[in-house]
Structure formats: C-alpha cells, structure tokens
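Here the structure is laid out as structure tokens; the discussion comes afterwards.
The values are calculated or read from the model by the stated rules, or taken from the named source; none is laboratory data. All values derive from a computational prediction rather than experimental measurement. Ideal geometry is used to build each Cβ from the backbone, glycine not excepted, and the neighbour counts take in all protein chains shown.
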Amino acid sequence: MANLPLYQRLFGLRDNPFNPTQLPTGGATKSPMAMLATGPLLLHHDPLLEQLYSPKAGPFEKIDQDFLTLLELDNYTIDPPAAGKQSHIVMIMGSDGTGKTTLASSLIRWVTSCTPSSGGGWYVEMAWPLQYYASSAAQRDALKNARAQIDDRSPEYLCLFADNFLADVEYDLLNMFDELVANRVVFLFMIPHPAYTDYHILDENHLIHPYNTRELSPDEAALFVNDRITSYRVTTPSIASYPLFPFDETNLRESVIAGDITAGTTSGKITIRQLNKILNNVMRERAKGLLSTNKTFDISVAPATEIDRHVIDLTHALRELEGMVA
C-alpha cells in the first residue's frame, strides 16, 4: 500500500484538508492552493472553492440568506437570473481571521449570479490587492488606479471590493460610490482593517448594510472540522468508528472550551483562521513523526486495538509544537 497518496496512508484522507493541494472532487482551481491554509476562499473568483466553504461554521449561512433576501426585495434573482437597478453598500466587520474576506466573496458571487438582461454581466474590481495594508495614502493611490480601470471598461453593473481599508479611506470609497452610481449599478463591499476601529457606518447620506463575523464556538469549530474531514475522507474500515480521524470531536470541543488551542484568545472561542492553521500544523507534525518511525505506515491495516493511540490529542500536540518553537 506504500504507493497510496501519503495522507491516505497515514490518515485515510485524499489530502491535508486544512492545507490542501487539490480540491475534494478534483477540478482545476484558479486560486493558488498554497494560500488556503491561512487565506480566504475567493468564491466569486473560483466557484469550485465552494467545496471548501463551511457556511454553518460561524454566521455565514445566516448572512448569506439575509443578503439573498435583500437582493430579492430589489428584483435581483438567481433563478431565473435577473438584475435589478438598486445600488448597495455592504460593510463587513469582525476581528482578524474570522472570515470577513471569504464572506464578502460569498456575497459577491450571489450578486454576480444575478445576470443582467442586457447580457453584459458584472465587472468585479478590487480597490487594491488583498491584504494591502501599506497606508491610507497608498490605498487612495490604488483606488485611483481602480477608478481608471472602471472608467476604461465602463461596466453597466459593477462590484467594487475594498478589503482592509485604513483610516478615513471609507470617505474616499463612499465618494467614489456616489460618482459611479450616476450612470451604473454599483455594489460596494467594504471591510475595515482590524487595527482601524474608528470607522463610521452611520452616515445619513448612505444606506449601509452591516454584517459581522465572529470567532467560532466549540460546536461551530467541530462543524468546520467535520466538513473538511468528510470532504477529503477515503473509505477506510479501520477508522470507521472515528469520523474525524485523526482528530476526536470531544477532544476538539474540550480543547476550544479550555482555551488550549486558541493562541491566547478568549477561552471557548477560536477564529476560523487559527483553527485551520493549528490543525494543518498538527497534522503535518504527526505525519512527520509517523514517517520517521515507519515509512510504510498504513492506517488501513493498523489493528483495531491500536487506532486509539493514533488519534491526535490536540492539547498535547500543541504543547509539543510550542516546545519545538521554543
């Protein structure tokens, strides 16, 4: 069985679910897979990434549904596809690593699925590159370049996405929105940088739809892990009684509740980025440990009496990782 893919031999998985090199069902992705351990899912850019989206792990499903209702009220529909004439501003707020960019991308995909009757489609413009923090002045310069791109293309339907805006740049974005809606339909999606907390969403001249992301509860953390593990699971009878193998759901919940894997944040909660990064690191270290002692290890032929000892205790594993770093 040594010719089986590595993660299948070690864990009964097609790939590392928390830092995959391939999608669960295959298919070419437009996004660099190497970025998915800590980066967002750009669902509007690459629909295949929906295979990795866990809407129930956090507030995403509720916000998706609320936003779809908002669209429907303004005559935007996906089936049959139709686009209305109302422009909107959406502000997504939350602490770092809670899925703000992924959520914005999810909402953008719903908008762009509402195909205009003109057949021209939607144009999505990034105000600046993702994770572009340099300075407010640098963001303003980038915004000018984005405006030039928009003017050059002159789309009838536009989504403008401004991720991690810095101090007072929201005013530039709102002014640009006002100018653009004079001759097109515009959806402006704004996300403040986590370090910028003095932004304003109450503006008497604009109707801004606010949405908030947050840390995961222990139950939501378990849902996220279940989604990822299940999507990459290869039927392996030896671990049939361990649905989250190499993890254990009870141990995962208890680790989040106790704050053992929350990297210094509030006990009982963890960000989706923290959780994904931690599980990726833990799985990689366990893989290295198994291969260092037995290069042909295969969980599918491990005796039932030995499976328990191959389940990862997260608290213990994190302490080992911290010791290696120290």
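Points to keep in mind about this one:
- Here the range 77-104 is the region considered, the condition is being touching a strand residue (DSSP E or B) at 6+ places or on another chain (Cβ under 7 Å) and assigned to a loop (DSSP other than H, G, I, E, B), and the residue that is surrounded by the most Cβ atoms within 10 Å (Cβ to Cβ) is Ala83.
- Among residues of the range 288-316 being over 25 Å from the mean Cα position of the chain (by Cα), outside any loop (DSSP other than H, G, I, E, B) and among the hydrophobic types (A, V, I, L, M, F, W, C), the one that is farthest from Pro237 (Cα to Cα) is Leu291.
- Selected residue (criterion: nearest to Glu179 (Cα to Cα)) from residues of the range 143-168 that are modelled with pLDDT of 95 or more, among the small types (Gly, Ala, Ser) and surrounded by 14 or more Cβ atoms within 10 Å (Cβ to Cβ): Ala146
- Of all the criteria given as (1) within 25 Å of Gly120 (Cα to Cα); (2) in a loop (DSSP other than H, G, I, E, B), the one not satisfied by Gln149 is (2).
- Some residue of the range 202-222 being under 28 Å from Arg284 (Cβ atoms), in a helix (DSSP H, G or I), polar (S, T, N, Q) and more than 16 Å from the chain's Cα centre (by Cα): no
- Here Ile312 meets the list (1) modelled with pLDDT of 95 or more; (2) touching a Leu at 6+ places or on another chain (Cβ under 7 Å) almost entirely, failing just condition (2).
- Of all residues in the range 234-262 being in contact with a Lys or Arg (Cβ under 8 Å, 6 or more places away or on another chain) and in contact (Cβ under 8 Å) with a residue 60 or more places away in the chain, the one that is farthest from Leu10 (Cα to Cα): Val234
- Conditions (1) over 25 Å from the mean Cα position of the chain (by Cα); (2) surrounded by fewer than 16 Cβ atoms within 10 Å (Cβ to Cβ): number failed by Pro243: (1)
- For the range 188-228, a residue qualifies if it is more than 30 Å from Tyr157 (Cα to Cα) and buried (at least 21 other Cβ atoms within 10 Å of the Cβ), and the qualifying residues are Glu215, Leu216, Glu220, Ala221, Phe224, Val225, Arg228.
- Among residues of the range 1-21, those that are at pLDDT below 90 and in contact with an Asp or Glu (Cβ under 9 Å, 6 or more places away or on another chain), counted: 5
- Boolean, Pro116 is without any contact (Cβ under 8 Å) to a residue 40 or more places away in the chain and either within 19 Å of the chain's Cα centre (by Cα) or not assigned by TED's automatic domain parsing to the domain that holds Ile270 (or both): no
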